[in-house]
Amino acid sequence: MDALNVIKYPVSNEKAIRLMESENILTFIVESKAEKEDVKKAVEKIFKTKVVDVKTMNDMKGRKKAYVKLSKETPTIDIATQLGMM
């Protein structure tokens, strides 16, 4: 899968912001067919950062969410600022 097609958009609700601040995790809505490895490669390629872990889930609206934990060297606040979330 192409990196730009894997990630649809970031999530910026209250829970996502709390995860950014406390656990260095970014939340994205991703392509429903994307696997964890696809999401990891896409985030590393687009944001030029190291991904430690990816967890995915399907929500009640039929979307696939990815919780992406970044390495300690890259604060999620920096990426959120690039995305215009902060």
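Derivation of every value follows stated rules applied to the coordinates shown; laboratory data play no part. Given the structure is predicted, the values throughout are model-derived calculations rather than measurements. Quick reminder, even Gly has a Cβ in these numbers, built from the backbone with ideal geometry, and neighbours come from all protein chains shown.
Calculated on the alpha-carbon coordinates, the convex hull of the chain measures out at 85 cubic angstrom per residue. Near the amide H of VAL52, within less than 5 Å, lie the amide hydrogens of LYS69, LEU70, SER71, all on another chain or at least 5 residues away, with H placed in the peptide plane.
What separates the Cα centres of region 63-79 and region 1-45 is a distance of 7 Å. Ordering GLU35, GLU73 by the number of other Cβ atoms within 10 Å of each residue's own Cβ, fewest first, gives GLU73, GLU35. Based on DSSP H segments of at least four residues, each scored -39500 (n - 2.57), the chain has a per-residue ellipticity at 222 nm of -11000 deg cm²/dmol.
Think of the chain as a dipole: +1 on every Lys or Arg Cβ, -1 on every Asp or Glu Cβ, centred on the Cα centre; then among THR49, GLN82, ALA34, ALA34 lies furthest on the positive end.
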